[in-house]
Amino acid sequence: MKKIIIHGGNKLHGTVNISGAKNAALPLLCATLLCGGEHRLSNIPHLRDINTVIQLLETMGAKITRSENSATLQADKVVSVEAPYDLVKTMRASVLVLGPLLSRFGKARVSLPGGCAIGARPIDLHLKGLAAMGAEITLDHGYVEATCKQLHGATIYFDTPTVGGTENLMMAATLAQGTTILENAACEPEIVDLATALSNMGACISGAGTDTITIDGVDHLVPMNHRVMSDRIEAGTFMVAAAITKGDVTVANADPEYLDAVISKLSESGATVEHTPAGIRVIGSAQIKPLQIKTSPHPGFPTDMQAQFMALLTLAQGTSIISENVFENRFMHVCELQRLGSNIRIDGKQAIVEGVDMLCGAPVMATDLRASASLILAGLAADNTTEVARIYHLDRGYERLEEKLLALGADIQRVSA
Ligand code: EPZ
């Protein structure tokens, strides 16, 4: 088991390059199941979750060659339409093979993902939508068995905006007979990236990025040749790192248009945020102002940035209130931040954060992906030494985080526990 050791107090300086987006790459990789031929994908981050989904596609018969941050994928001969439990339980986004398999092969057997640290995370809306498109869905010993000779178009209203559900059904609808309309769809930028790739494959999609997406089914798709968008959550994480260390960091190849809420809240907290030719520059302020944060689906404040901002606000001059409105259990980082001397109280969906003057380094334990980032950010600002254990959570979604922080002047290293 590895852990990360941080000696806090260094101000970060310099420029960091943002990797490709995990939450765009995962559905894009699953979309290659939609047709044979050689798909090309570039700017793929090196992450555990990416390795898991590639392993899954290979068990299905896909031929995948990776070089640097690119991959070629051929799904001409898919020998299995099953996503087994041992893979899905480690990476729930594996359920995104459902739509492509059903649309192209008329069948799929995918393990129910089960819950995770941040919530129950059901896939009922995915299944409800596929059933509306004509799929026969049964649950058998923890697996979703889905069959359908030919999916047909449908108008599907999501009770709650779901990123994965929107992606699964958008992919399923590309080869369905007729028109599918997704209403109350998620608007995340990763969905726009997927829709762009699907359109380049010959799909007929309009409205991606809005709450109503229309897909006119086509008979045939061709392989994608697509560059994964940059990771807005990694970018936001480094922007908070600049603010919490009172440093001066430029985040290169990030899309500011996808970071409006994060930039707005960071500026409100007192940091200076500038758009420069080299990227988004963040200069931390001597005093961090308290904030009110309410997470919500895009374009609202992203739930995936909640833990990182909580770390920042533990050192604010005053009381902040963070409402987590997307997931029911996404405060696992609070107990660990309290070990570092923060003053946080949970009241239902809200975390009340009383700013303190100083965090004190201590051994802490990561519980999920963004909690890991939160603890590392806090460790950068804490005095003495912070040790973050169970960093396999971190490696699911951040490419070489400690190396990138080291290059910005952090005193940080990965060691064997
Ligand atoms: C995606 O998860 C992201 N993961 C998550 O990022 C992100 O936090 C989340 O969207 C919200 O933005 C990937 O893209 C791989 P949802 P997803 O379906 O698709 C409920 C990270 O840190 N819901 O939009 O699983 C659900 O319980 C990860 O990178 C249903 O009730 O999220 C949740 O409360 C964490 N029924 C809400 O909707 C369903 O069928 C939003 O979930 C589906 C979802």
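The values are calculated or read from the model by the stated rules, or taken from the named source; none is laboratory data. As the structure is a prediction and not an experimental result, all values here were calculated from the model. Methodologically, a virtual Cβ is constructed for each residue, glycine included, from the backbone with ideal geometry; neighbour enumeration extends over all protein chains shown.
Observations
- Only a single item in (1) in the same structural domain as P113 (by TED's automatic domain parsing); (2) small (G, A, S); (3) more than 16 Å from the ligand (Cβ to nearest atom); (4) outside any loop (DSSP other than H, G, I, E, B) is not met by G36, and it is number (4).
- Elements of the type strands (runs of 3 or more DSSP E) sitting completely within segment 269-346 and holding at least 2 residues that are within 20 Å of A373 (Cα to Cα): these cover 279-283, 292-294, 319-323.
- Residue among G61, G37 that alone is touching a Lys or Arg at 6+ places or on another chain (Cβ under 9 Å), surrounded by fewer than 17 Cβ atoms within 10 Å (Cβ to Cβ) and on the phi > 0 side of the Ramachandran plot: G61
- Residues that are more than 13 Å from the ligand (Cβ to nearest atom) and either surrounded by fewer than 19 Cβ atoms within 10 Å (Cβ to Cβ) or assigned to a loop (DSSP other than H, G, I, E, B) (or both) within segment 215-241 comprise D216, G217, V218, D219, H220, L221, V222, P223, M224, N225, R227, listed in sequence order.
- Scanning segment 359-417 for residues that are in a helix (DSSP H, G or I), surrounded by fewer than 21 Cβ atoms within 10 Å (Cβ to Cβ) and of a type in the set (A, V, I, L, M) gives L406, A407.
- Residue within segment 249-268 that is more than 19 Å from A21 (Cβ to Cβ), part of a loop (DSSP other than H, G, I, E, B) and either in contact with a helix residue (DSSP H, G or I) (Cβ under 7 Å, 6 or more places away or on another chain) or at pLDDT 95 or above (or both) present: no
- Residue tally, condition of a type in the set (K, R) and under 24 Å from the mean Cα position of the chain (by Cα), over segment 80-108: 2
- Residue in segment 94-106 that is in contact with a Pro (Cβ under 8 Å, 6 or more places away or on another chain) and of a type in the set (G, A, S) present: yes
- Residue identified as modelled with pLDDT under 95, assigned to a helix (DSSP H, G or I) and surrounded by 15 or more Cβ atoms within 10 Å (Cβ to Cβ) among A24, A93, A31: A93
- S103 being crowded, with 16+ Cβ neighbours inside 10 Å and out of contact with any Gly (no Cβ under 8 Å at 6 or more places or on another chain): yes
- Checking the stated criteria, S296 turns out to be within 12 Å of the ligand (Cβ to nearest atom), out of contact with any Phe, Trp or Tyr (no Cβ under 7 Å at 6 or more places or on another chain), among the polar types (S, T, N, Q) and touching a residue at least 24 places away in the same chain (Cβ under 8 Å).
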